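Student: Just dropping this structure here.
Computed from the coordinates by the stated procedures, all read-outs in this text should not be read as laboratory data. Keep in mind that what you see is a predicted model, and the values were worked out from it rather than measured. Ideal geometry is used to build each Cβ from the backbone, glycine not excepted, and the neighbour counts take in all protein chains shown.
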There are 2 protein chains.
Amino acid sequence: MHKFVRNLITEWRKLGLPFSDETIVVAVSGGADSVSLLLAIDDLIVRKKLRLRVIVAHFNHRLRGEESDADESFVRETATALGFEFVSKSSTIKRKGNLEQNSRDARYKFLADTARWAGAQYVLTAHTQNDQAETFLMNLIRGSGPDGLAGMSSVRNLNGSITLARPLLSWALRENTEEFCRQRDVDYRSDRMNDDETFTRVRIRKAVLPMLSELNPRIVGTLARTAELLARESSANAHENGKPQAASPLFTGDRLDLKSVKPLTKQELYAGLRSWLRARRGNLRSLQLKHIEAIERLINSRKSGKTVELPGGGAVVKQGGSIVFANIKVEK
Amino acid sequence: MHKFVRNLITEWRKLGLPFSDETIVVAVSGGADSVSLLLAIDDLIVRKKLRLRVIVAHFNHRLRGEESDADESFVRETATALGFEFVSKSSTIKRKGNLEQNSRDARYKFLADTARWAGAQYVLTAHTQNDQAETFLMNLIRGSGPDGLAGMSSVRNLNGSITLARPLLSWALRENTEEFCRQRDVDYRSDRMNDDETFTRVRIRKAVLPMLSELNPRIVGTLARTAELLARESSANAHENGKPQAASPLFTGDRLDLKSVKPLTKQELYAGLRSWLRARRGNLRSLQLKHIEAIERLINSRKSGKTVELPGGGAVVKQGGSIVFANIKVEK
C-alpha cells in the first residue's frame, strides 16, 4: 500500500470516519489536494478497506470564466472514471464585500445541502498542512490576535447533524498530494487562488515559506501543528470556563456601560469585546487587533460621539458613559 | 518634550515605576536601545519629573575580546558624563551548553546582585518591540509550541523583592531608539549578537522581517503585541486554574504511570508533560514540540527500554508500564 494511502486510513480511523454502509461527500476542486484524496479513497475501496458510497461534489465559483468550466469538466470526468457519483453547482458569487468569504460560505452551503440530499453524515475536504500553515501566517501577519491564530480542526460540525472532516489536514503536505497524483499518473488542475486573496497568500507561499524553510526545513508542519495546538487551547479554555470568554457576562446587549468595563484587565477587556462583537455581528470576520485597540481608545477617550467603524459591518460609537454597537454596513 | 521621552514617562506611570526617593538599576550594554533609555531617564531627571538615584550596570561577557572591553569603557564614560553611578562585572561565560542562556543567567544574576547591593527595588532593561518580535519568530520557526510563543512581560519578578521592568518593550521600535540617540548627538555601540544565536536571529532581522513588512508595514508592532497577548492568556489561564497546568496533579514524581496518562487529551498530555519536565529539570530550555511528540510516541510504544534524550539535559525512558525521567546530561 502506498504510504499516502496508509497515512489516510490511519487518520480515517483516528477521526472515527465510517468504513462501510454509509455515504460520504468529497469536495473536489480538481487541484492535486482533492484529486489525491479521491484517488486514495478509491484505492481503499478497491482494496475493500472501505465500502462506502462516494459522492464527488464540485462547486463552480465561475470566477475564472472558461477555466472554471474546464475545472468542472475535469472533475466530472475524473469522478466518473473512478465510478463515483458527481454533483456540481454553478453560482456567480457576489463580488461585493469579502469575495473569499462569500465563496467559502456558498461552497460550504452547497456541500451541506449535498450531504443532506444524499443522506450523508460526512463531508470531506482535502485541506493540507500547507493550507493550515499559510492561513496561520496570513492571520499572524495581518494581526488578528491570538484568537485568530487558532487553526482549522480536522473534524467539526458543518450544519446540524452533518460533520466536516479534513483527513489530510494533520499530516499531508501539498507536495505529497502532487507526488501521489503523479505516481498514479492522474492529472490535476492547477489550484489557482481566488483573485481576492492572491497577493498575500501567494507571497506567503512563494516567498515567506521558502525563506522560513531555510531556518527550519519542516516549517510547514511546524506551523500547522502550532495552529492546531492553539486551536485546542482556545477550545479547551472555552470548555473549561463553561462560557466562551472569561468576561462575557458583562458584555451583553448593544450598550456597554464603561464603568463596568474599565476595571477589567486588558486581556479580559479584549476577550470580552471580541465576544460582544461576535454576538452583535454574528461573526468576527476581518476584525483585527487594531480594531479592538481602537475601541479600547474609544473607551478611554473623554469625547462623546466618536466612532470606530468595523470592517465586515457595524460600528462602535461612544455615547456619554457608554459605548454602543450600531449595525451599519461599512463597505471597504 | 521629545516624543520618545513622553512615551517613556507614560509607560513609567503605567508600570508603576518609582518617581522619587528611590534607587533604580539600569542595565546598559552600550547599544542604541539601552543608551536611549538612559538618555531619556536623564532628560526626565533634568526636567525634575524623576528624582531617583540611577545606577548604570554593565555586564562584560568577554565574548568579543577587545570589542567587549571597548563597550565597557564606552558605557562607563557615557554614564559618568551624565552623572550616574557605574557598576560593571566582567566574567568569562562557560562556552559549554547553551552560550546564549548561560550569558543571560549570568547577566541577570549580576543585575539582581547589584540591585540588592544598592538597595534598589527595580532593575530596568531596554528590550524593545523588535526584541519581542524577533524572539517570537525565532520560537515560532523553531517550533516551541504555543507555550513557547508567550512574550516577555513589561514587569516581572527578578529575584526575591527585586522587580525587572522593561519600559520600552510595549511601544519602542529599535529605529526609535537609534533616532533618539542621533537627535541627542550621542553615540552608541553596535549591538553585535552573541555568536551562538547569530544565524537565525540575524536572518530574522535582516531577511524575514523586511519581507513580512512588505505585507504589513507595522509587522514588528503586530508580532510584539501578539506575543504579549499570548503571554497574558497563558498567565491568565495559569492564574484562573490556580495551578500551572490543567493536568498537573497527575504529573508528579520521577515516574509516570502510563495508565493514568493515556486517557488524557493531547492538549492535557502536552501541557502536563511540559509542567512535569519543567519541575524535573528546573526549566524548559531548548525543549521543542518535537520532543514532547517523541515522548508521546514513547508512551504509545509497546517496547520497554526506549529513550528520548532531551536537549538541555535529561532523558525520558520507557520502563514497562511507566515512563521515567532520568537526570542525565545530554551535550549537543
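Student: Once every DSSP H run of n ≥ 4 in chain B is given -39500 (n - 2.57) and the sum is divided by its residues, what mean residue ellipticity at 222 nm do you get, rounded to the nearest 500 deg cm²/dmol? If you can, show how the numbers build up before the last one.
Tutor: Values: 13 runs with 159 residues, N = 332.
Estimated from H runs of four or more residues: -15000 deg cm²/dmol.
Student: Of all beta bridges DSSP finds with both residues in the protein assembly as shown, what is the antiparallel percent, to the nearest 5?
Tutor: DSSP beta bridges in the protein assembly as shown are roughly 45 percent antiparallel.
Student: Right, something else. Under the convention of a label 7 Å out along Cα→Cβ, give the distances in nm from A:Thr265 to the same position in every other copy, shortest first.
Tutor: Sorted ascending, the copy-to-copy spacings read 2.1 nm.
Student: Also: How many nanometers, to one decimal and shortest first, lie between the label point of B:Arg53 and those of its other copies, if labels sit 7 Å from Cα toward Cβ?
Tutor: Going from nearest to farthest copy, the values are 8.7 nm.
Student: Another question, then. Pairs A:Lys290/B:Lys290; B:Lys259/B:Lys303; A:Lys262/A:Lys290; A:Lys206/B:Lys266: which are spaced more than 25 Å apart, C-alpha to C-alpha?
Tutor: Pairs exceeding the cut-off: A:Lys290/B:Lys290; A:Lys206/B:Lys266.
Student: Need the C-alpha centroid separation for segment B:116-131 versus segment B:254-287, integer Å.
Tutor: 33
Student: Right, something else. Between A:Ala118, A:Ala79, A:Asn130, whose Cα lies farthest towards the positive end of the dipole of segment A:76-145 when Lys and Arg beta carbons carry +1 and Asp and Glu beta carbons carry -1, centred on the Cα centre?
Tutor: A:Ala118
Student: Let me know the number of lysine pairs in segment A:12-125 closer than 23 Å at the Cα, not counting same-chain pairs under 8 apart.
Tutor: Value for segment A:12-125: 5.
Student: Using the alpha carbons of segment B:121-177, what is the convex hull volume per residue in cubic angstrom, as a whole number?
Tutor: 76
Student: In debye, nearest 20, what is the charge dipole magnitude of the protein assembly as shown about its Cα centre with +1 on Lys and Arg Cβ and -1 on Asp and Glu Cβ, if you could check? Mind showing how you got there, number by number?
Tutor: Numbers: 106 positive and 78 negative charges, 289 e Å.
Value, rounded to 20: 1380 debye.
Student: In whole Hz, with x marking every Gly and Pro, tabulate ³J(HN,Hα) for segment B:73-83 from phi via Karplus 6.51 cos²θ - 1.76 cosθ + 1.60, θ = phi - 60°.
Tutor: Per-residue couplings from phi come out as 4, 4, 5, 4, 5, 4, 5, 5, 4, 8, x Hz.
Student: Sticking with this one: Only bridges whose two residues both fall in chain A count here: according to DSSP, what percent of them are antiparallel, nearest 5?
Tutor: Working: 15 of 34 bridges.
Percent antiparallel among DSSP bridges in chain A is about 45.
Student: Between B:Thr200, B:Asn60, B:Met1, whose Cα lies farthest towards the positive end of the dipole of chain B when Lys and Arg beta carbons carry +1 and Asp and Glu beta carbons carry -1, centred on the Cα centre?
Tutor: About the Cα centre, the residue reaching furthest to the positive side is B:Thr200.
Student: Moving on to the next point. Sorted from largest down, what three extents in whole angstroms do the Cα atoms of segment A:1-145 have along their principal axes?
Tutor: Answer, in whole Å and largest first: 46, 34, 26 Å.
Student: Also, I was wondering about something else. Provide the percentage of antiparallel DSSP beta bridges, counting only those with both residues in segment B:1-96; round to the nearest 5.
Tutor: Percentage antiparallel, nearest 5: 0.
Student: Another question about this same structure. Please report the equivalent ellipsoid semi-axes of segment B:259-320, computed as sqrt(5 x eigenvalue) of the Cα gyration tensor, largest first, in whole Å.
Tutor: 18, 15, 10
Student: What Rg and what Dmax come out for the protein assembly as shown when only alpha-carbon atoms are used, in angstroms?
Tutor: That works out to 27.9, 86 Å for Rg and Dmax.
Student: Which of the three applies to chain A, rounded, prolate or oblate, going by the alpha-carbon gyration tensor with a ≥ b ≥ c and a/c under 1.5 meaning rounded?
Tutor: prolate
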